[in-house]
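These notes are about the structure you will find just below.
No lab work stands behind these numbers, since they all come straight from the coordinates. All of these numbers come straight from a predicted model, not from anything done at the bench.
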Amino acid sequence: MTDLAGNSKSHRAVQGLAALGAGAVLLLGARFLIEFFGSAVPYAMPDQNTAPLDSEEFMQFLSLVTDGTRRRARISRLKNGAEFFPAYLKAIRRAKDAINLEFYEFLEGRIGDEILAALTERAEAGVEVRIIVDALGSFATRKIGRASCRERV
């Protein structure tokens, strides 16, 4: 008779733990659904900054919305690849201390070859060159491994 009473207590404890587990699963599932399908956080700036790109006001704005350090610099607006890539290569070739670049998608071709050649030349000249290339976005690119660089994972 005492064995049946102990078995009943054990059965109630198992039921209680099962109910607690089911409640936790429901709670976590509801939280996931709310996070996944809930309203999105608005990532837009409410007011557009109309300050000129070379103004002190714009530099202050940049220092507030980015984690970059604030320093005296000249900023140019480049509209497309025909303007961007020559300026990009010029900046790489003029680097004296360090070059830090991140690429999601680095494609093989004339522009990619020019960028790698400029980076290799700067590295051989003693400039510290650091490149982060996304493995997924640049999956098909093989040339980066052939450049004179050291890989770190």
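Some notes on this structure:
- For Phe103, the residues 5 or more places off, or on other chains, whose built amide H falls under 5 Å of its own are Ile132, Val133, Asp134.
- Note on region 78-146: semi-axes of the ellipsoid equivalent to its C-alpha gyration tensor, largest first and rounded to whole Å, are 19, 16, 11.
- The gain in end-to-end length when the Ala125 to Ser39 segment is fully stretched comes to 25.8 nm, 0.36 nm per residue minus the alpha carbon separation.
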